[in-house]
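Data first, discussion second: the structure below is written as structure tokens.
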Amino acid sequence: MAEKDRVYRCLNPVGIQTPLDTFPLAPRLDSVDGKEIYISVCGEPDITLALEKKLKRDYPNVNWKTKRTYITDPVPLTDEEMKTADGVIQGVAW
Amino acid sequence: MVRQEALSSGVPAIRYLHGSRTRPGPEDVDSLVEPILKEMTRPLTDEEKQSGRWEPSRPDRLLFEGTLDEAQAFYQQTKYIGLPVNAPISLYTDGYPIIVPTEERVAEMLKGTSHKPDELIVHQSERVLRWGVRMKPGDPVAFQQGVQSSRRTATVEKVAINAVMAGCKPEHLPIILAIAESGCGTGTTNFPSQAVCLSGPIVKQIGLNTGCGHLGPGSPVNGPIGRAFQLMAINLSGAIPGVNRMGCHGSPINNGGTCFGENADGLPPGWLGMNEESGFDKNESVVMVMLNIGGGIVGSQFSPGGYRAFQKSGHGGMARRFDVKGRPGPHNWLEYIVPGLWAAREGAFTFVMVPEMARHLLDYGFKSKDDAYDWLYKQSFITIKDFKGRSWPDYQGTNGWTGIEKTSGRPWRELPDDYMVALVDDPFDSLIIVAGGEEEASVQFGGGRGPVYSIDVWR
């Protein structure tokens, strides 16, 4: 057999994706009225400040709470905050 | 990228909406707020309620069987990536032809290390990664660290396969394994370049070019080692332009990969090598993996002849600028490049300078690299007024001006306009590497020191 016809076994350079646990989305709310909802935003304030302002103006019956940072990573809710939070809107503007 | 991050975080069905890149925020939210609230109240679908275990199939060890010509074509295959790329992108390569990783070639490559082929790539020392994640020896390396919650791992054999593809030799494998220990992250948008820098006896052992043209083509050592980083970023970390590697221009530093090294013989007396600076012994071989080079390479700002006139006899434009006309050196040539260094970006730089110019800095009075780092740090101070006219500080370092300025301990917003702040976080963030030919030239990489890994532990 000519060298050019020789068959080679060639190996896979691709990395190994490890298994992980997946979770359902948090239960949806029947209505936002009277609920405690966190606006958790990071990064560019051009949109995040406007978002917070409009949410508070258009939905005054919601108990809005804000977690704000201007860097890349959002500030996580504390365990205490998680106990009373009904929902979170996570805004990443980067 | 959102989907990848969501899956890695265990919530693959996450609901999300895109904001606009161009519409002013107040206008943009007009069209976003109602849909956001709708997604909070719209009942979950069956798919969104699911939980369980995501178990991707482990990739087969054998990828292809055929002739070398057929294999070459197979490894060169592409996939069309839509917006924002709109072009075919190679699945397994950096776009260039590779050395086909046959079983025999990989077995030969594996002779370059005492580590077993099926060993997982694990951290060899304690390390704090980006995002503040603390790693201890033996913890598996998570590839693609640019994404917060990567779940990819690799074995020694996987690294060897990529080393073969890059054109490396078995004696390079410990270096490639040390580079793999970095996780081969590629960042996301604004810091798109990566390079590796070697220091210690390995430089001479493998014939790395640290002389003329060391950042350019020609070396059968520098090129393949630099390329191995990029192939591992693609194959082990899964970096794909326009999908999770979002540097909008890419970077020529990554095109083929960049590896350079320190010319230890060129260090002025008293100046430590990068290995010793990083806490290793002079006889230890290390690699610095520079994951966050922003701004690419800035070349020499002066003519070599002009530089020589400046140092030898105090003539020419450089001497006129510093009012040392007629006075021979040594002069601090760094003063010439400082005004342009931080013109458009903040942070530390890596200075790659030829031995002669390093010697001039020693003779001028910098008895160690640290002396030069301290001097550079002091040059980086500007007034708060000027600092406020920059872009990144709106986000990084000041947290939208709501944080505390570290040198004063006072809130940023309370500091007077004439208060001086540094554009470099720490003097030791800067890095000097002595390398290059005999012509008087220095280049600067935007971005300073990266994490350093022992090569010797991977022998």
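If you go through the range B:273-288 one residue at a time, how many are in contact with a helix residue (DSSP H, G or I) (Cβ under 6 Å, 6 or more places away or on another chain) and either modelled with pLDDT under 95 or more than 25 Å from B:Gly185 (Cα to Cα) (or both)? Adding up the residues that qualify gives 2. Note on the range A:75-94: among residues that are closer than 17 Å to B:Met40 by Cβ and free of Cβ contacts under 8 Å to residues at least 40 places away in the same chain, the one that is farthest from the chain's Cα centre (by Cα) is A:Met82.
Among the residues of the range B:341-361, what is the count of those that are farther than 24 Å from B:Phe387 by Cα and not in a strand (DSSP E or B)?
Counting residues in the range B:341-361 that are farther than 24 Å from B:Phe387 by Cα and not in a strand (DSSP E or B) gives 8.
Residues are listed down the side, and each one gets a yes or a no for (1) of a type in the set (Phe, Trp, Tyr); (2) in a loop (DSSP other than H, G, I, E, B); (3) surrounded by fewer than 19 Cβ atoms within 10 Å (Cβ to Cβ):
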site: B:Asp417; (1), (2), (3): no, yes, yes
site: B:Asp425; (1), (2), (3): no, yes, yes
site: B:Phe428; (1), (2), (3): yes, no, yes
site: B:Glu440; (1), (2), (3): no, yes, no
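Of the residues B:Ile202, B:Ile253, B:Ile225, the single one that is touching a residue at least 40 places away in the same chain (Cβ under 8 Å), in contact with a helix residue (DSSP H, G or I) (Cβ under 8 Å, 6 or more places away or on another chain) and within 20 Å of B:Cys184 (Cα to Cα) is B:Ile225. When we screen B:Ser300, B:Ser278, B:Ser313 for residues that are more than 20 Å from B:Tyr453 (Cβ to Cβ), of a type in the set (Gly, Ala, Ser) and touching a residue at least 60 places away in the same chain (Cβ under 8 Å), the only hit is B:Ser300. The set of residues in the range B:418-442 being of a type in the set (A, V, I, L, M) and more than 20 Å from the chain's Cα centre (by Cα) consists of B:Met420, B:Val421, B:Ala422, B:Ala441. Taking A:Ile37, is it out of contact with any helix residue (DSSP H, G or I) (no Cβ under 7 Å at 6 or more places or on another chain) and of a type in the set (A, V, I, L, M)? Yes. State yes or no: is B:Thr22 under 28 Å from the mean Cα position of the chain (by Cα) and free of Cβ contacts under 8 Å to residues at least 24 places away in the same chain? In short, no. On inspection, B:Gly389 qualifies as free of Cβ contacts under 8 Å to residues at least 40 places away in the same chain, surrounded by fewer than 17 Cβ atoms within 10 Å (Cβ to Cβ) and either more than 21 Å from B:Val298 (Cα to Cα) or not assigned by TED's automatic domain parsing to the domain that holds B:Trp333 (or both).
The sole residue among B:Gly329, B:Gly306 that is assigned to a helix (DSSP H, G or I), more than 30 Å from B:Ile202 (Cβ to Cβ) and not aliphatic (A, V, I, L, M) is B:Gly306. Filtered by the rule that a residue be touching a Pro at 6+ places or on another chain (Cβ under 7 Å), under 18 Å from B:Ile225 (Cα atoms) and either surrounded by fewer than 19 Cβ atoms within 10 Å (Cβ to Cβ) or at pLDDT below 90 (or both), the range B:235-255 gives a lone residue, B:Ser251.
Are any residues in the range A:24-71 closer than 30 Å to B:Ser57 by Cα and either aliphatic (A, V, I, L, M) or in contact with a Pro (Cβ under 9 Å, 6 or more places away or on another chain) (or both), and if so, which ones?
A:Leu25, A:Ala26, listed by residue number.
The values are calculated or read from the model by the stated rules, or taken from the named source; none is laboratory data. Model, not experiment: these values are computed from the prediction. Cβ coordinates were reconstructed from backbone atoms using ideal geometry, including for glycine residues, and neighbour counts include every protein chain displayed.
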